1. I need two numbers for chain B: Rg to one decimal and Dmax as a whole number, Cα atoms only, in Å.
2. Which of B:Ile288, B:Ile140, A:Ile136 has the fewest other C-beta atoms within 10 Å, and how do the rest follow up to the most?
3. So, counting K/R as plus one and D/E as minus one, what does the shell of residues with Cβ under 15 Å around B:Ser99 add up to?
4. Thinking of the protein assembly as shown as a set of Cα atoms, what percent of all their pairs are more than 32 Å apart?
5. Mean Kyte-Doolittle of at least 0.5 plus a Cα span of 15 Å or more along the axis: flag which DSSP H helices in chain A meet both, please.
6. Once you measure Cβ to Cβ distances between cysteines in chain B, which Cys have no partner under 4.7 Å?
7. Using the Kirkwood formula over every pair of different C-alpha atoms, what hydrodynamic radius in Å results for the stretch A:44-132?
8. Within the stretch B:73-114, what residues put their amide N at less than 17 Å from the label point 7 Å along the Cα-to-Cβ vector of B:Arg32?
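Every read-out reported here was derived from the displayed coordinates using simple, explicitly stated rules and does not represent laboratory data. Predicted model, so just to flag it, every value in this text is computed and none were measured. In this analysis, Cβ positions are derived from the backbone assuming ideal geometry, glycine residues included, and neighbour counts consider all displayed protein chains.
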Amino acid sequence: MTEQGVLGAFASHAFLSGLSERHRMLLASGARPFTAAPGELLAQEGETAKTFDLIQAGHVALDLHTPDRGVVPIQTVGPGEIVGWSWLVPPHRWQFDCRAGDPVQGLAFDAEWLREKCEQDHELGYHLLKQLVAVIANRLAATRLQLLDIYK
Amino acid sequence: MHGKTNDKDRNVTPTLDKPREQFSPMLPTVVRVRDFRMETHDTFTLALDPPTALGTTYSFLPGQFNMLYGFGLGEVPISMSGDPAETGSVVHTIRAVGSVTRGLAKLRPGDPIGMRGPFGSSWPLEAARGGDVVLVTGGIGLAPLRPVLYHLLRHRDDYGRVALLYGARSSGDLLYRKELQAWQSRGDFQVLLTVDRADPSWRESIGLVTALFPRINFDPQRTVGMMCGPEVMMRFTLGEFEKRGVAADRLYLSLERNMQCAVGFCGHCQFGPNFVCMNGPVFRHDRIKAFFDVREA
């Protein structure tokens, strides 16, 4: 994918809305397109979070392994969403398995590279952090409602 | 409807062949169960013969409800869940959660049941015409919205983009599974499913129904949103619509309260200045916002 193609993909991705042209160009220089086949693991619990992934197409399931119930899917994320924030939060280890539920297309950033850019440019870092906090807040609210068992 | 009965009353066999001379909204018409089907472990669908009293053809608007009377059990308000254009039977999907509904779950084809209705307000199908429609529902809440889907699909060209977002506790709790699959394969509207708890074989979404919003496109200026489900789900769904810029006067929700008389007499379902049975169950959000946000003691 060309840099123009990446910029086009950025424009339609909700997570990057509101990002300045300068920061879009910067991020486009470090974005790497990826695909994953159904069932393929994008990340494994406990391993170092080496990438930050934006999902463009398909769905990714976040799974937890339990001794008594085996693999328990906790949540899915889809187009316009992101996979995880472990890349930003020390000790930078995945807390869940991330598994493609169907054919997935996305853009990945090298975690170390992105953290470095955020340190160098606090405006970029603050923007990404604000977007991440919104995602975390939404997922926390959704998790609380799941715990409520509202359909009981 | 809940008056005292004596032994003599209990032994009275309901009469099916005597049309009443005068219509009374308080008097049930006795009809027969035509079909019974289990939908999930605790939810079932009853198709009833339409009432023929007064020689009129029974009809209803999507969103309206009937009062169903189980003999020796009592009466409950149940929304119609069938196709409003299909006049051959009156369909209700019911979750067996109380003494009356558990009793209704024992009915089988040929059994008599009392019915009053239709009552209440309906979904804004005319107001939605020409624009996008987003239906958000959870659990048994799909049942009162199914007539809307039948209408939208029958008049598909009259509407813009149509999306159904449906959440349930687990895949086994989803209603109308075969129909959902058929709708998903149509391609002319989006059907997104999500569950709170899934096993690894589940191929759709996991999480709250509001998490599906990023996956649909609609024009907030010309979208009508319709919601039915647990109130806490609707509260968060309203927030999602608000985030996307849909005005409160384009959002409709179906409320559930203790409805008994169904005609605004008894006051059991009073909701601010409204009676849910008479002014609802479908309300426009801006008209009830002040009361919807009030916490109950």
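1. Looking at chain B, its Cα Rg and Dmax stand at 19.4, 61 Å.
2. Fewest-to-most ranking of B:Ile288, B:Ile140, A:Ile136: A:Ile136, B:Ile288, B:Ile140.
3. +1
4. 46 percent
5. Passing helices, by number: A:122-148.
6. B:Cys228, B:Cys269, B:Cys277
7. 13.8 Å
8. Residues B:88-91, B:107-114 fall inside that zone.
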